[in-house]
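Working notes for the structure below.
The values are calculated or read from the model by the stated rules, or taken from the named source; none is laboratory data. Source: prediction; values computed, not measured. When we count neighbours, we look across all protein chains shown, and the Cβ atoms used for this are built from the backbone with ideal geometry, even at glycine.
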Amino acid sequence: MPHQSGNSQRTESPTRLLRQFMWSNKGWYALSMLSIIASEIVMVQFPNLLGRFTDALSAHRLSGRMILQYAGWLLLVGVAYVILYGIGQLRNGQLGRAFEYQLRKRLFEHWERLSTSYFRRRSIGDLLNHAMNDVRAVREALTGGMNLFTNAIFLLVTTLVMTFRTISVRLTLVSIIPLLALPVFIIWWGPRIREASKSAQEALSDMAAVTEESLSAIRLVKATASEPVESARFTEKVDAIVQRQMVVFRRSGLFQTLIPFTGSVSFGIALAYGGYLTVSGQIALGSFVAFTLYLAMLITPLQQMGFVFNYFQRASASLKRLEVLLSEVPEIQDPAVPAPVTHLEGEIDVNLPAFQYPDGSEPVLRDIRFHVAAGQTVGIVGRTGSGKTTLVNLLPRVFNPPPGTVRMDGYDVHDLALRTLREAIAYVPQDGFLFSATIGENIGFSRDDATPQMLLQAAEYAGFRREIEQFPDGLDTVVGERGVTLSGGQKQRAAIARALLKDAPILILDDSLSAVDMNTEQHILAHLRRIRAGHTTIIVAHRLSAVRHADFILVLDGGRIVERGRHEALLEMGGLYASMYHLQEAAVEEVTS
Amino acid sequence: MSALTPSEQARRGGNRSMGSLLKLLPFAKRYRWHFAAVVLLVIVYNATTVLPPYLVKIAIDSDISGPRPNLHGLWTISLLYVGVVLLSVAANYLQILLVQYAGQSVVREIRVALFQHIERQSMAFFDTNAIGRLVTNVSSDTETVSQFFTNFFLSMLRDGLSLVMVVVAMFELNVRIAAWSMLLIPVLFGISALYRKRLRRAYQTTRTRLSNIMAFLAENLAGIRIIQIFHQEQRQAARFDALNRSHRQASVVEYRTSVLFNRTFEMLGNAAVAAVVWIGGGAVLHKTILFGTLYAFINYIRQFFQPINAITQQWNTLQSAAVAADRIGQVLSVEPAIVDAPNAFPLALEAVRGEVEFEHVTFAYKSEVPVLRDVSFRVPAGSFVGIVGPTGAGKSSLMSLLIRFYDPTSGRILLDGRDIRDIRQTDLHRAVGFVQQEANLFTGTVLDNIRLFRDDISRDAVIAAAEAVGAHEVVNRLPDGYDTFLYSKGANLSMGERQLISFARIVCLNPRVLILDEATANLDSHTEALVSRGLQAVSANRTTLVIAHRLATVRRADCIYVVNQGRIVESGPHEALLCRGGLYAEMYAKSGAAYEDGKMVQPI
C-alpha cells in the first residue's frame, strides 16, 4: 500500500480512486471472478447428475455400486462448489474492505486540511454519518454486489446453457417467462421499500425528539399540568410510526410474497408443460426431474440481478456524495511561494479594517489596529461576543484574515508557510480541548520526544502537576469518555501545559483561565511572567485579574477596540474597563466572604 | 478492549431477564385475536409450502412415469398446484401484515404507557434518571421489543411448524430414510449455535471498532484547529490509520466467519442430498420405494435447513428483546413518588384567592442533608414577594415544593389554608404557575408554544397574552408571525425572545399564584426593560413570588425574604432590610446596584 500522506495536495475523486484500486488489484479480482465462475460450472452439474441418476434408475441400469458412485459424485460437486464459491466470496469481501479502508483514510486526510470555518458551517455529526454510510454503501456494492453480480451472470448463463443442451430449449424458454419479471420488479419495487422504511425511521426519530423535548421540559410540563397534552402529542407521533411501518410492511410483504410466487408460476408451467413433454415421450423423466431443479437454480440469479442493480445504484449515489465531500478545496492553504523565513521572532502587527465570517451577514471585527513588539504581553478583554476569540484566531489563520491585514515580523501571514506560522504559535483554547488519550500524550501533543520530566515541568508551570501525580496512573491517566473525566479547570490547565511545552515565540491564551480558581490563576500567571519573559504572550480574559500585568490591554466591545492602555491608566479612564473591574471586585468579595 | 459494550452486557443479562418479556405480554392482550388469526394463517401457509413436492411426486409416480401415463391427471395436478400457490401467496401476505400490525400496535401501547408513566413521576425521578436514557427506553428499547412480537413470534411459529411438517411428511413417505435424516437435526443446531456465538462476537468487535473510528473522527474534527495549530496532522493521521486498520481486520474476520458459516451449512445440505441419493437410491433399486418418493425426499431435505437456520437466528432476537424488556420493566416498576391523595380535593380555579403559607417546612433531596430547615412564612393573596439569597441557599427548592415537584420531609404547605397534598395535582398546577430561567420551547408554532398546544385557548386570547407581556411586536417580527414554526432548541429565537414567549404562556394559562425563578437572568438590558413592563402586567391581581439574583428586580416587592443555608434569615421590604444592615444590605452593596444609585459607594 503506497504511503498516502505525501500526495495530500492532489485531489483525487473517489471514482478514480476506485478505478485505480480495482486496477491495482486486478489479479485478485480475476482470481475471485474465476473461482466464482468455476463454482457455477461445478454447481450446474448437480441437477445434471441427479437427472442422469434418475434416468439410469428408471431404466433399471443401476447397481448398488453405481448408486454409491452417484452419491459420491454429488458429494464431490457439493463440496467443490462450496469451496470454490467461498474462495471468491471471501476474496471479494477482503478487497471491498481494503477499499473501504482506503476511502476512510483518504477522507480523514482530506478533512484534516480543511479549516475550522468549514466545520463551523457543517454539522460534524451529519458529515460523519454521511461519510460513514456512503463509504459502507460503496463497500457493500464492492463486496456483496460484486459476488452477486458475478454469481448471477454466470449461474444464469451456465444454467441456461445446460438446460438448452441437455433438456429442451422450448421448455426452458416457456418456463422462464414469468421469471423475467423478477429483476424488473425488484429494481422497481426495491427503492420504494427503502423509501418507506426511511420514512418510518424518520417517524421514529420524530418520536424520540418529542420524547426528549418533553422530558427536557418536564418541570414546565408538570407545573402547567400539561401531561395530557404531551401525552397526546406523543401518541400522535407513535401513531405516525405505526402507520408508516405498515406502509413498509405492505410493500415488503408484497415483495416477499411475489418473488416466490413468480418462481411457483414458472414451476407450474414446467410441471404441466414438462410433464406433457415427458408423457408424450419428447423428454426423458430424468430430464424432467433435472429441469425442475434447474428452474429453482434460475430463480436465484434473476433475483440477484435486481439486487445487484439496486446495490450499484446506491453505491454510485454514494460515490457522488463522497466526491462532493472530497472536492471541497481547503480554504486556508500554503502560499504558492512562501516567504523565505522559517523562524519568527514574535512581532505582530494588525491593521484590520473589518473581518467577517464567510457565512456571516456582518463584520464581527472592525477597525482593529495594534502593534505588538516581540516579547510583549498583551491583554484582550471585553464582554461575551465582543470578538476577542475571533481576533486571536486570525493570528494562526484558524480563520483567514483578509490579505495584508495581519503581519508577523513584517510578513503578511498569507505569505508565510503554514508550517512556519503555526510553529511560531502556541495556543490554548477556551474549552481546554483535549483528545481522548493519556494526559501525557495530550501535554506532549506537539512533541513526540518529550520526556516525562519535560511533561511534568510543563504541568508544573500550568499548576497541574500535583493533581497529575495524585492520579493513580499519573501521566498515563486516560482522559475523556474512557478514562477520567477532568473538570473544566483541569482541562484548561492541561491545555496550558500543552501550549507551554511547545515553547513557541507567540503564546495565545484564549480565555483559558476562566475555569481555574483565583489562587491557581495567580500561580500560573506568575510562572508565565517568568518563563515567557522576552516572548510574545497574548492573554484573552474575562476576569481582569489575568491581564493586570500586561504591557498593554485592549478592551473590545461590539467588535471594536474601545479602550487601550495599561491597567492603571484604564482604571483612571473610568470607562468600560473600570466599570467591569469594579463589578468583578465586588463579585470576588462576595465569593470569598 | 476490556470494557463491555452495552450489547455485551445485554448478552450476559439475557437469560435472567426473560421474565420481563413475559411481563409485557398483557399489552398484547387486546390483540390476542389478531395473533390467533396469524397462527391460523401460518398453518395454511405452511401446508401450502409442504404440498408442492408432494404434488410433483404424485404427478411423477402416477401420471408421468406410472404404468399408464395420464395427461388428464397431469392437468388436474397442475391446476391444483396453481391453486395451492395462490392460496400460499395470500396466506403469506396476510400473515405478514397481520402479525406486523398486531406487533406494532402492542409496541404502540407499550410506548404510550411508558411515556405516560414517566411523565407521572415526581421530579426526584428525573434527578436520578438521565433524559437520554429515558428516551432510549421509549424509542429504541421498545423497538427491540417489537421484534419479539413480530419477527420472533412469526418465525417460531412458521419455522417451527414447517420443521415439524417437513419431518412428518418425511416419515409419512418413508420411515427409514426419515429416521436417518433426523440425525441431521442435532448436527445443524449444534453448528448453528457454535457459529452464531462466534458471529455475534465478531460482529460486536467490528461494531466497537467502527464506533472507535467514529468517536476519533468526531473528536478530531471538533478539535481540528488544535491539530492544525500544533501541526500534528501526520501524527493524527497515523492514529486514525491504526484505528482504521484494526477495524478492517475485525471486519474481515467477521465476514470470513459469516461466509464460513453459510458455506458450511450449504455444504451440509449438499452432503445430505448425496446421502439421500445413496440411501434412497438403494431403496428404489430394491423397490421398497418409488422414484417419486425419492424425488420428494431430495426436496424435503433441502427444506429442512432453512427453518433451523432461521430459528437459531431468532435466538439472538429473543435475547436482545428480553434485555430491552428488562430495561422497560425497570422504568415501569417505579411507582410515582407523588400521587394524588385518594380523597383529593377538587379545586374550583375561580375561587382560589392565592394565599400561600409554609409551615415549619424541612426538606432534603437525599435524606441526610436538608436544604431547607424549618421554614415558615405566609404570603397574603395578591401580594408580590421577593426571595433572594446566595447560590445554593435553597431558593429554588422552596418553589419546587410549592409546585409539589417534591414533598417536604416535614411540615406542610398551604394554599388558601388547604394542604397542597390534599389538592389534585392537576388543579394545583392550574392554580400555581411557574416561569423558570431556562425557557423551554416545543417544536411547533409560536401560537401553540404560547398556549401549550391547548386548543381550548383561542388565538385571540394568545395574542392578548402576548400583548400584555410585550411579546406581540417580537412575534410579529417573525416571518410567519404567530404561525412561525419553532424548533425545540429554539435556534431561531434569542434568549430574550424565548423568555418573552414563556411569559406570554403563563399569562395565557392565568394562574392565581405565579412563581418566577430567575426568569430575567438571561436577558440583555433592552429586553429586560421590555420584560419587566410585561412582568408588572402579569403580576397584577396575582400572588407573585420572584426568585432573583439581581436585587433590583425585587426592590419594589411587598416583602423580601432572604434565604441563607436553608433558612429565612431576614424578611421585610427593601428599605427596612437595608436599614437592618444584615446579609441583604451586604449583598446589595456588592451587587453593583449601589453604584447605579450612587448612594453607597464601597471602597474596593
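Could you please give the count of residues in the stretch A:105-126 that are in a helix (DSSP H, G or I) and either within 9 Å of chain B (Cβ to nearest Cβ) or free of Cβ contacts under 8 Å to residues at least 60 places away in the same chain (or both)?
Count: 11.
Pick from the stretch B:400-411 the residues that are in contact with a helix residue (DSSP H, G or I) (Cβ under 7 Å, 6 or more places away or on another chain) and of a type outside the set (Asp, Glu): which of them is farthest from B:Ser376 (Cα to Cα)?
Ranking the candidates gives B:Phe405 first.
So which of A:Gly444, A:Gly440, A:Gly463 ends up being in contact with a Ser or Thr (Cβ under 7 Å, 6 or more places away or on another chain) and either in contact (Cβ under 8 Å) with a residue 12 or more places away in the chain or in the same structural domain as A:Gly488 (by TED's automatic domain parsing) (or both)?
A:Gly463
Among the residues of the stretch A:185-197, is there at least one that is surrounded by 22 or more Cβ atoms within 10 Å (Cβ to Cβ), modelled with pLDDT under 90, farther than 25 Å from B:Glu438 by Cβ and assigned by TED's automatic domain parsing to the domain that holds A:Gly263?
Checked against the condition, which is being surrounded by 22 or more Cβ atoms within 10 Å (Cβ to Cβ), modelled with pLDDT under 90, farther than 25 Å from B:Glu438 by Cβ and assigned by TED's automatic domain parsing to the domain that holds A:Gly263, the stretch A:185-197 yields at least one hit.
Pick from the stretch B:315-352 the residues that are in contact with a Leu (Cβ under 9 Å, 6 or more places away or on another chain) and either of a type in the set (Lys, Arg) or assigned to a loop (DSSP other than H, G, I, E, B) (or both): which of them is farthest from B:Ile515 (Cα to Cα)?
B:Leu347
Would you mind stating whether A:Ala272 is buried (at least 20 other Cβ atoms within 10 Å of the Cβ), without any contact (Cβ under 8 Å) to a residue 12 or more places away in the chain and within 13 Å of chain B (Cβ to nearest Cβ)?
It is true that A:Ala272 is buried (at least 20 other Cβ atoms within 10 Å of the Cβ), without any contact (Cβ under 8 Å) to a residue 12 or more places away in the chain and within 13 Å of chain B (Cβ to nearest Cβ).
Scan B:Arg256, B:Arg225 and give me the residue that is crowded, with 18+ Cβ neighbours inside 10 Å and at the interface with chain A (Cβ under 7 Å from one of its Cβ atoms).
Within the list B:Arg256, B:Arg225, the selection yields B:Arg225.
Only one of these conditions is not met by B:Val276: (1) closer than 30 Å to A:Val289 by Cα; (2) among the β-branched types (Val, Ile, Thr); (3) surrounded by fewer than 21 Cβ atoms within 10 Å (Cβ to Cβ). Which number is it?
(3)
Only one of (1) more than 9 Å from every other protein chain (Cβ to nearest Cβ); (2) crowded, with 22+ Cβ neighbours inside 10 Å; (3) under 21 Å from A:Leu17 (Cβ atoms) fails for A:Thr150. Which number is that?
Unmet for A:Thr150, out of (1) more than 9 Å from every other protein chain (Cβ to nearest Cβ); (2) crowded, with 22+ Cβ neighbours inside 10 Å; (3) under 21 Å from A:Leu17 (Cβ atoms): (3).
Could you please find all residues in the stretch B:110-140 being more than 9 Å from chain A (Cβ to nearest Cβ) and at pLDDT 90 or above?
Answer for the stretch B:110-140, where residues must be more than 9 Å from chain A (Cβ to nearest Cβ) and at pLDDT 90 or above: B:Ile110, B:Ala113, B:Leu114, B:His117.
Is the stretch B:194-204 home to any residue that is at the interface with chain A (Cβ under 7 Å from one of its Cβ atoms), assigned to a helix (DSSP H, G or I), under 36 Å from the mean Cα position of the chain (by Cα) and crowded, with 17+ Cβ neighbours inside 10 Å?
no
Among A:Thr477, A:Thr485, which is the only one that is in contact with a Phe, Trp or Tyr (Cβ under 6 Å, 6 or more places away or on another chain) and more than 30 Å from A:Glu572 (Cα to Cα)?
Going through A:Thr477, A:Thr485 in turn, just one is in contact with a Phe, Trp or Tyr (Cβ under 6 Å, 6 or more places away or on another chain) and more than 30 Å from A:Glu572 (Cα to Cα): A:Thr477.
Which of the residues spanning the stretch A:421-437 are more than 9 Å from chain B (Cβ to nearest Cβ) and either among the acidic types (Asp, Glu) or surrounded by fewer than 21 Cβ atoms within 10 Å (Cβ to Cβ) (or both)?
Within the stretch A:421-437, A:Gln430, A:Asp431 meet the criteria.
Could you list, in sequence order, the residues of the stretch A:57-76 that are at the interface with chain B (Cβ under 7 Å from one of its Cβ atoms) and of a type outside the set (A, V, I, L, M)?
Hits for the stretch A:57-76 are A:Ser58, A:Gly64, A:Tyr70.
Give the residues of the stretch A:455-482 that are among the acidic types (Asp, Glu) and closer than 15 Å to A:Ile496 by Cβ, sorted by residue number.
Across the stretch A:455-482, the qualifying residues are A:Glu460, A:Glu467.
Out of B:Gly411, B:Gly386, B:Gly392, I need the residue that is at pLDDT below 90 and either crowded, with 16+ Cβ neighbours inside 10 Å or within 16 Å of B:Arg567 (Cα to Cα) (or both). Which one?
Testing whether each residue is at pLDDT below 90 and either crowded, with 16+ Cβ neighbours inside 10 Å or within 16 Å of B:Arg567 (Cα to Cα) (or both) leaves just B:Gly392.
Go through the stretch B:392-468 and tell me which helices (runs of 4 or more DSSP H), entirely inside it, have 1 or more residues that are out of contact with any Leu (no Cβ under 8 Å at 6 or more places or on another chain) and among the aliphatic types (A, V, I, L, M).
Once the helices (runs of 4 or more DSSP H) in the stretch B:392-468 are filtered for at least 1 residues that are out of contact with any Leu (no Cβ under 8 Å at 6 or more places or on another chain) and among the aliphatic types (A, V, I, L, M), what remains is B:446-451, B:459-468.
Could you list, in sequence order, all residues of the stretch B:120-139 that are assigned to a helix (DSSP H, G or I), more than 14 Å from B:Ser333 (Cβ to Cβ) and not aliphatic (A, V, I, L, M)?
Hits for the stretch B:120-139 are B:Phe126, B:Asp127, B:Thr128, B:Gly132, B:Arg133, B:Thr136, B:Ser139.
Sort through A:Gln89, A:Gln102 and tell me the only one that's over 20 Å from B:Thr257 (Cα atoms), in contact with a helix residue (DSSP H, G or I) (Cβ under 7 Å, 6 or more places away or on another chain) and assigned to a helix (DSSP H, G or I).
Step by step, each of A:Gln89, A:Gln102 is checked, and only A:Gln102 is over 20 Å from B:Thr257 (Cα atoms), in contact with a helix residue (DSSP H, G or I) (Cβ under 7 Å, 6 or more places away or on another chain) and assigned to a helix (DSSP H, G or I).
From the list B:Leu161, B:Leu97, B:Leu86, which one is in a helix (DSSP H, G or I), under 30 Å from B:Ile311 (Cβ atoms) and more than 9 Å from chain A (Cβ to nearest Cβ)?
It is B:Leu161.
Being at pLDDT 90 or above, buried (at least 18 other Cβ atoms within 10 Å of the Cβ) and of a type in the set (Asp, Glu) is the filter here; which residues of the stretch A:219-245 pass it?
A:Glu230
Yes/no matrix, rows are residues, columns are (1) of a type in the set (D, E, K, R); (2) more than 8 Å from chain A (Cβ to nearest Cβ); (3) within 22 Å of A:Gly51 (Cβ to Cβ):
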{"residue": "B:Asn244", "(1), (2), (3)": "no, no, no"}
{"residue": "B:Val277", "(1), (2), (3)": "no, no, yes"}
{"residue": "B:Ala283", "(1), (2), (3)": "no, yes, yes"}
{"residue": "B:Tyr295", "(1), (2), (3)": "no, no, yes"}
{"residue": "B:Gln303", "(1), (2), (3)": "no, yes, yes"}
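Could you list all residues from the stretch A:427-478 that are assigned to a loop (DSSP other than H, G, I, E, B) and under 26 Å from the mean Cα position of the chain (by Cα)?
A:Pro429, A:Gln430, A:Asp431, A:Gly432, A:Phe433, A:Leu434, A:Phe435, A:Ser436, A:Ala437, A:Phe445, A:Ser446, listed by residue number.
To keep it simple, each residue is scored yes or no on (1) within 12 Å of chain B (Cβ to nearest Cβ); (2) hydrophobic (A, V, I, L, M, F, W, C).
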site: A:Thr257; (1), (2): yes, no
site: A:Phe267; (1), (2): yes, yes
site: A:Tyr276; (1), (2): yes, no
site: A:Asn310; (1), (2): no, no
site: A:Ala315; (1), (2): no, yes
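Somewhere in the stretch A:236-248, is a residue under 22 Å from B:Asn129 (Cβ atoms), at the interface with chain B (Cβ under 7 Å from one of its Cβ atoms) and without any contact (Cβ under 8 Å) to a residue 60 or more places away in the chain?
Yes.
Kindly indicate whether A:Leu395 is crowded, with 17+ Cβ neighbours inside 10 Å and modelled with pLDDT of 90 or more.
In short, yes.
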